[in-house]
Amino acid sequence: MKFAKDTLMVLNQPKILVVGATGKFARWVIPELMRRDAVVHALVRNDARAAVARSLGVAEVFIGDLRNTDSLAEATRGMDGVFYIGPAFTPDEAAMGIAIVEAAERNGVKKFAFSSVIQPTNTRLKNHASKIPVEEALYSSRLEYTILQPANFMQNIGIAWPSIILHGRFGEPFPKDIKIARVDYRDVAEVAAIALTEDKLAFATLELAAGMFSRKDVVAAISAELGRPIEAFEPSFSEWVQSARLPYSEQQMHLLSKIHEHYRNYGLGGNSLSLTAALGREPRSLRDYIRELARQKDPLTTHLAKDS
């Protein structure tokens with residue numbers, strides 16, 4: 001009887017494909033799915049990434065390309081669900097997203113969780129607008145979709161953490177008193193896992209934010225946790241890019257500059273209502289996130305810096 005019971009449990013475990021599973025953000029979905037007894041499969045782009053995916057505990061790895069329909073067909077075959085977050089600022093991001101949606105639908109995938117962006121209909125921001133065709137493809141599919149629209153990731157602070165510790169200041173290329181909506185991507189990952197393993201978030205489109213915070217708020221939290229003053233400053237966009245060392249082309253940098261220009265003029269609105277409802281708890285706060293960074297054994301290294 002034990003064998004039969006164990007076999008039944010395995011048969012009932014959903015098979016979920018995580019696209020780009022070794023990326024800085026998609027990888028957070030893997031442990032959340034495993035906590036919910038899902039069997040996680042990964043689609044990655046090369047052997048090195050495949051090795052990383054296996055180290056994270058995925059059951060099977062597919063090596064492929066979002067621009068190759070055959071590899072998408074192979075990866076989605078037999079899956080119960082798909083998690084997808086597109087490569088940021090890529091010129092054909094919309095086409096790649098549509099391709100994975102179509103592959104999933106052709107192969108009879110039931111659930112699809114798409115990590116989009118907050119306010120995708122703000123077409124002044126081209127990288128936001130690039131999510132619209134993917135959302136439209138989901139709305140016009142037979143997939144049981146959940147569209148996640150996260151705000152600015154708190155993990156961006158984590159990427160800057162070594163510099164914050166070393167120089168005692170935190171800069172972003174917009175005024176320090178401008179508030180933008182921020183979210184801990186681990187909460188987004190948890191919502192994605194709920195969507196892919198339960199039914200309560202089916203056909204939902206959710207703006208996900210923990211609240212709105214200025215850079216003054218960020219450095220106040222950092223200063224309190226470190227026990228020393230941290231300065232909020234405003235570098236120019238070019239100075240910020242040089243410091244951040246982002247692996248983007250000139251065109252990608254242009255798109256990113258438009259985001260910060262928007263922040264400078266309007267901030268970024270968002271509240272925690274839908275995230276709280278989806279999680280069934282309060283989301284991780286900015287102070288929670290900063291506290292974890294401050295308690296790391298090596299203050300010049302972050303969990304995300306290691307992934308870059």
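The values are calculated or read from the model by the stated rules, or taken from the named source; none is laboratory data. Small disclaimer: the values here were computed from a predicted structure and weren't measured. Here the Cβ positions follow ideal geometry from the backbone for every residue, glycine too, while neighbour counts run over all protein chains shown. Keep in mind that these areas ignore ligands, DNA and RNA; they rest on the heavy atoms of the full protein, side chains included. Shrake-Rupley method; radii C 1.70, N 1.55, O 1.52, S 1.80 Å.
Of the residues making up region 152-168, those that are under 23 Å from Met253 (Cβ atoms), touching a residue at least 24 places away in the same chain (Cβ under 8 Å) and of a type outside the set (Ser, Thr, Tyr) number 11. Evaluation of Tyr248 against the conditions (1) more than 19 Å from the chain's Cα centre (by Cα); (2) farther than 17 Å from Met154 by Cβ; (3) not aliphatic (A, V, I, L, M) shows that the sole unmet condition is (1).
Let's see how each residue does on (1) part of a strand (DSSP E or B); (2) of a type outside the set (D, E, K, R); (3) open to solvent by less than 20 Å² (accessible area, probe 1.4 Å):
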site	(1), (2), (3)
Arg124	no, no, no
Glu135	no, no, yes
Leu138	no, yes, yes
Tyr145	yes, yes, no
Leu148	yes, yes, yes
Ile157	no, yes, yes
Pro162	no, yes, no
Ile165	no, yes, no
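Taken together, Ala202, Ala192 contain a single residue that is under 23 Å from the mean Cα position of the chain (by Cα) and surrounded by fewer than 16 Cβ atoms within 10 Å (Cβ to Cβ), which is Ala202. Of the residues Ala75, Ala42, Ala38, the single one that is of a type in the set (Gly, Ala, Ser) and touching a residue at least 60 places away in the same chain (Cβ under 8 Å) is Ala38. Among the residues in region 48-65, are any in a helix (DSSP H, G or I), aliphatic (A, V, I, L, M), open to solvent by 50 Å² or more (accessible area, probe 1.4 Å) and under 23 Å from Gln149 (Cα atoms)? No, region 48-65 has no match at all. Residues in region 93-112 that are within 20 Å of Gln252 (Cα to Cα) and open to solvent by 50 Å² or more (accessible area, probe 1.4 Å): Ala95 only. The single condition among (1) part of a helix (DSSP H, G or I); (2) surrounded by fewer than 17 Cβ atoms within 10 Å (Cβ to Cβ); (3) under 15 Å from the mean Cα position of the chain (by Cα) that Glu32 does not meet is (2).
If you go through region 213-260 and keep only what is assigned to a strand (DSSP E or B), closer than 16 Å to Ile178 by Cβ and touching a Gly at 6+ places or on another chain (Cβ under 7 Å), you end up with just Phe233.
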